[in-house]
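The values are calculated or read from the model by the stated rules, or taken from the named source; none is laboratory data. These numbers come from a predicted model, not from an experiment. Heads up, the Cβs are rebuilt from the backbone with ideal geometry, glycines too, and the neighbour counts pull from every protein chain shown.
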Amino acid sequence: MTPIATIIAARAAVTAAIAFGGMLMVPNDANALSLRVKMACAADYYKHCSAHSPGSSEVRSCMRAVGAGLSRSCVDALVSAGEVSKAEVERCRSASQVAARTP
């Protein structure tokens, strides 16, 4: 790895650690998300819903509205955590595929 690539990778790692640390400081409650969900969905959160506080009902609504735009790893983590059902994911994927084919 070149020195510049090493520096860029180190900066990315520090930035990710700070972001994840901030997400982990959300108070624990009945609706708290697992670490797996936080890690898998961090990029999706920053891309689509960072205007809302992590773990808030607004983030949940925003992520649900993004739906098919979420990464597969995020969706898989949300399904595993029980945040969304596999059937709902399939319905959303089917609807987005139909919309993509419709001119």
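The set of residues in the stretch 66-103 being more than 24 Å from LEU35 (Cβ to Cβ) and aliphatic (A, V, I, L, M) consists of ALA68, ALA87, ALA95, VAL98, ALA99, ALA100.
With the condition kept exactly as written, say whether any residue in the stretch 71-84 is assigned to a helix (DSSP H, G or I), free of Cβ contacts under 8 Å to residues at least 24 places away in the same chain, under 15 Å from ALA42 (Cβ atoms) and not hydrophobic (A, V, I, L, M, F, W, C). Yes: one or more hits. Contact annotation: residue pairs with Cβ atoms under 6 Å, 6 or more positions apart or on different chains, pairing a residue in the stretch 34-46 that is free of Cβ contacts under 8 Å to residues at least 40 places away in the same chain with a partner that is hydroxyl-bearing (Ser, Thr, Tyr) and outside any helix (DSSP H, G or I), are ASP44/SER71. Within the stretch 85-103, being assigned to a helix (DSSP H, G or I), among the hydroxyl-bearing types (Ser, Thr, Tyr) and loosely packed, with under 12 Cβ neighbours inside 10 Å holds for one residue alone: SER94. Within the stretch 29-76, the set of residues being closer than 20 Å to SER96 by Cα and among the small types (Gly, Ala, Ser) comprises SER61, ALA65, GLY67, ALA68, GLY69, SER71, SER73.
Considering every residue within the stretch 15-36, establish whether at least one is at pLDDT 90 or above, touching a Ser or Thr at 6+ places or on another chain (Cβ under 9 Å) and surrounded by 13 or more Cβ atoms within 10 Å (Cβ to Cβ). Yes, the stretch 15-36 contains at least one residue that is at pLDDT 90 or above, touching a Ser or Thr at 6+ places or on another chain (Cβ under 9 Å) and surrounded by 13 or more Cβ atoms within 10 Å (Cβ to Cβ). Counting the residues of the stretch 37-81 that are at pLDDT 90 or above, among the basic types (Lys, Arg) and over 10 Å from the mean Cα position of the chain (by Cα) gives 0.
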